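J.: Okay, here's the structure, questions in a sec.
The values are calculated or read from the model by the stated rules, or taken from the named source; none is laboratory data. Being a predicted model, the structure only gives us computed values, none of them experimental. For neighbour counting, all protein chains shown are included, and Cβ atoms are generated from backbone atoms with ideal geometry for every residue, glycine included.
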Amino acid sequence: MSPVASTLWRSRFGTLYTSNAFVLFSSAADTATPPSKNESLSSAPSPPPIRVAVTESAGRGVFATRRIGAGDTIHTAKPIVSHPSLSSIKSVCYFCLKKVKTVAGAQPQGFSFCCENCKESSKVFYDVEKKADWLAFDDYCRTQGLKYPLLVKRLACMVISGAAPAGILDILQPASITQDMILKMEEGFHLLRNGLVRANIGDEHTSFLTKQWYTDVLARIRINAFRIELAAGVYEDLLSLASASIEAEAAVGNAIYMLPSFYNHDCDPNTHIVWIENADAKLKALRDIDEGEELRICYIDVSMSYDARQSILSQGFGFKCNCLRCLSGD
């Protein structure tokens, strides 16, 4: 990876991996920017009002460190890794997933970047990715209706380029996968590895890429990935297009984030995630939140019935929801 690309990646994503998890979350969540020459330190934005702690029944969670008002932006988060959906790949930026109006400057594969900054930043994966022929891998994902292997492929290219450590997702909770599921993942693993081998990327760069690594990463992505449903121009657009968010066609891609992955589920959440124009996530309060209260999001469509919610959460996320709404049978 070029020094310029490395600098841009660090600037965009910040410190994503450290042995001290709580230092990681503090820096990753901080939305403050350095004050300009005309600003004092006291006028700079404050760090986000949150902390990560262990809950009584749901593992790690995110808690408010002060009162948060309804509608407040709690913090923003940039993805560790993201990838456009195959159906949207020609209509969004290949790096940040922002919608693009034209395909001017599109690459031979048919995708494009929204700006020079995204084009330069994409070198953290694209300098490796463009060396291989991914037709068979993409066809496998398309015909099988799979989206998460695309994130694994992009992460693998980031690791090969030196932009990310192979264990960057190890801190995230993995989904429970059966032996049958692992067997079904093998085809994707072999297609990914073969694509890199045929591109003459040596073993010294791909030694991490074992079947165990592939299945471990995929298990973590399955339970922690966010579907980026809308990339609107302004926040008000999200309100007028809310009904579109439940349609598959509204998704522009998928992404993995660090801190947002620690938000636990609630069928009557006090927080939600919105995407204004690209893959940068905004965590916003749905109602007033008291100091010390846990911040929770809804992993699924809140309008579904009790039985439907329980079924999806059990099959897709591996837990029975015992939130107040579910306990009441609503």
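J.: Got a number for residues in segment 62-97 being assigned to a strand (DSSP E or B) and touching a Gly at 6+ places or on another chain (Cβ under 8 Å)? Spell out the reasoning first.
T.: We begin by selecting, within segment 62-97, every residue assigned to a strand (DSSP E or B); these are 62-64, 68, 73-77, 81-84, 92-93.
Checking which are touching a Gly at 6+ places or on another chain (Cβ under 8 Å) leaves us with 63-64, 82-84, 92.
Here the count works out to 6.
J.: Provide a single number: the residues in segment 203-218 that are within 22 Å of K147 (Cβ to Cβ) and buried (at least 16 other Cβ atoms within 10 Å of the Cβ).
T.: Qualifying residue count for the region: 7.
J.: Something else: Return the residues of segment 286-314 that are assigned to a helix (DSSP H, G or I) and not basic (K, R); say none if nothing qualifies.
T.: Within segment 286-314, the subset assigned to a helix (DSSP H, G or I) is 306-314.
The answer is Y306, D307, A308, Q310, S311, I312, L313, S314.
Quick grid of which residues meet (1) closer than 22 Å to S261 by Cα; (2) in contact (Cβ under 8 Å) with a residue 12 or more places away in the chain:
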site: G110; (1), (2): no, yes
site: F125; (1), (2): no, yes
site: V128; (1), (2): no, yes
site: R142; (1), (2): no, yes
site: R154; (1), (2): yes, yes
site: Q179; (1), (2): no, no
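Here is a yes/no grid of residues against (1) closer than 20 Å to D280 by Cα; (2) at pLDDT below 95; (3) surrounded by fewer than 20 Cβ atoms within 10 Å (Cβ to Cβ):
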{"residue": "I68", "(1), (2), (3)": "no, no, no"}
{"residue": "P79", "(1), (2), (3)": "yes, no, no"}
{"residue": "K90", "(1), (2), (3)": "yes, yes, yes"}
{"residue": "F95", "(1), (2), (3)": "yes, no, no"}
{"residue": "G105", "(1), (2), (3)": "no, yes, yes"}
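J.: Okay, moving on. With respect to D127, determine if the residue is assigned to a loop (DSSP other than H, G, I, E, B) and over 22 Å from R227 (Cβ atoms).
T.: Details: assigned to a loop (DSSP other than H, G, I, E, B): no; over 22 Å from R227 (Cβ atoms): yes.
Considered against the rule, which asks whether it is assigned to a loop (DSSP other than H, G, I, E, B) and over 22 Å from R227 (Cβ atoms), D127 comes out as no.
J.: Does L155 qualify as being part of a helix (DSSP H, G or I), over 27 Å from A281 (Cα atoms) and not β-branched (V, I, T)?
T.: On the way: part of a helix (DSSP H, G or I): yes; over 27 Å from A281 (Cα atoms): no; not β-branched (V, I, T): yes.
The answer is no for L155.
J.: Still on this structure, please answer the following. What residue, of S121, S85, is closer than 19 Å to K153 by Cα, buried (at least 22 other Cβ atoms within 10 Å of the Cβ) and touching a residue at least 40 places away in the same chain (Cβ under 8 Å)? It would help to see each step written out before you state the result.
T.: Details: S85 fails: buried (at least 22 other Cβ atoms within 10 Å of the Cβ).
Residue meeting the stated conditions: S121.
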